[in-house]
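Structure first, commentary second.
The values are calculated or read from the model by the stated rules, or taken from the named source; none is laboratory data. On a predicted model such as this, the values are computed, not experimentally measured, just so you know. So basically every Cβ, Gly included, is an ideal-geometry build from the backbone, and we count neighbours across all protein chains shown. When the accessible area is computed, the model is the full protein with side chains, heavy atoms only, and any ligands, DNA or RNA have been set aside. Shrake-Rupley method; radii C 1.70, N 1.55, O 1.52, S 1.80 Å.
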Amino acid sequence: MVKAKKPTAKGGVTERSTRTAAGAGGPGDIPKAAVQALSSKKGKSKKAAVKTQVETDAKEEEEQPSLLDLGGQRQRWVNFVKQQNLTCEEAAKLLLDSEYKGLVKHSGGCHCGAVCFEVWASADLHVFDCNCSICVKKQNRHFIVPESRFKLVKGAESLTTYNFNTKKAQHMFCKFCGVQSFYRPRSNPDGYGIAPHCLDEGTVRSVHVEQINGKEWEKAMKEHKTIRSMSQS
């Protein structure tokens, strides 16, 4: 008598279980329609999650100030907002209340109006009067601010730059009217030197002038205790 062969196992799965998984119609089988519906549901859920994430990212991007507004400070702003878990409005208020505490917003520009800027600084200005060759010729009295407190409102295309000697100082001026309303000082190339006489009226309370011996520039910078730190935020 020949005995009936048992279903052979392949990879630990019997022939019957293989038929069941394929939808052969046994008591434990999952109908093909149900499998397809389940797969479709998972696919829709995944698409919905992706759509939600895209919409969230787009909303966060809209909430961030534009690159045009912040320039080189954009990433600093983005990092601050994320680290502190703040909205843009909350971050702006916090920064104005802390970093800009005691400061006022000055506006200014060149003579013809092609170049305009805004700068956050004290209402009581500490102005340097240097006697180096170019500062004497241009009467280049200026106060120093960090880059983060300066914003060029308009006129980037109207600026041209003159430099000489070490070429560290960037003497920027309007190519139409010739007025230098701000520049990058040799002492603080990471900040700006602002001409107080190019500020609009109404925001300056007082001006204190300090003489700088630019004829002996290296010696003057070595002896001065605070000038190099004035461009630090």
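Structure values in brief
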| read-out | value |
| --- | --- |
| Hits in region 198-210 (condition: in contact (Cβ under 8 Å) with a residue 40 or more places away in the chain and farther than 24 Å from Met172 by Cβ) | Arg205, Ser206, His208 |
| Test: residue in region 162-176 that is touching a Ser or Thr at 6+ places or on another chain (Cβ under 8 Å), without any contact (Cβ under 8 Å) to a residue 24 or more places away in the chain, surrounded by 17 or more Cβ atoms within 10 Å (Cβ to Cβ) and of a type in the set (A, V, I, L, M, F, W, C) | yes |
| Residue within region 86-102 that is hydroxyl-bearing (Ser, Thr, Tyr), surrounded by 12 or more Cβ atoms within 10 Å (Cβ to Cβ) and modelled with pLDDT of 95 or more present | no |
| Exclusive hit being hydrophobic (A, V, I, L, M, F, W, C), in contact with a Lys or Arg (Cβ under 8 Å, 6 or more places away or on another chain) and either in a loop (DSSP other than H, G, I, E, B) or open to solvent by 20 Å² or more (accessible area, probe 1.4 Å) (or both), set Val119, Val179, Val209 | Val209 |
| Filter result for Val153 (surrounded by fewer than 17 Cβ atoms within 10 Å (Cβ to Cβ), closer than 17 Å to Gly72 by Cβ and either of a type in the set (A, V, I, L, M) or touching a helix residue (DSSP H, G or I) at 6+ places or on another chain (Cβ under 7 Å) (or both)) | yes |
| Odd one out for Leu152 among (1) in a loop (DSSP other than H, G, I, E, B); (2) modelled with pLDDT of 95 or more | (1) |
| Selection count where residues are open to solvent by less than 80 Å² (accessible area, probe 1.4 Å) and closer than 16 Å to Lys138 by Cα, scope region 212-229 | 3 |
| Residue among Ser158, Ser107 that is of a type outside the set (A, V, I, L, M, F, W, C), open to solvent by less than 20 Å² (accessible area, probe 1.4 Å) and in contact with a strand residue (DSSP E or B) (Cβ under 6 Å, 6 or more places away or on another chain) | Ser158 |
| Residue check for Cys198: open to solvent by less than 30 Å² (accessible area, probe 1.4 Å) and touching a helix residue (DSSP H, G or I) at 6+ places or on another chain (Cβ under 7 Å) | no |
| Boolean, Asn131 is more than 30 Å from the chain's Cα centre (by Cα), over 16 Å from Leu103 (Cβ atoms) and either polar (S, T, N, Q) or buried (at least 20 other Cβ atoms within 10 Å of the Cβ) (or both) | yes |
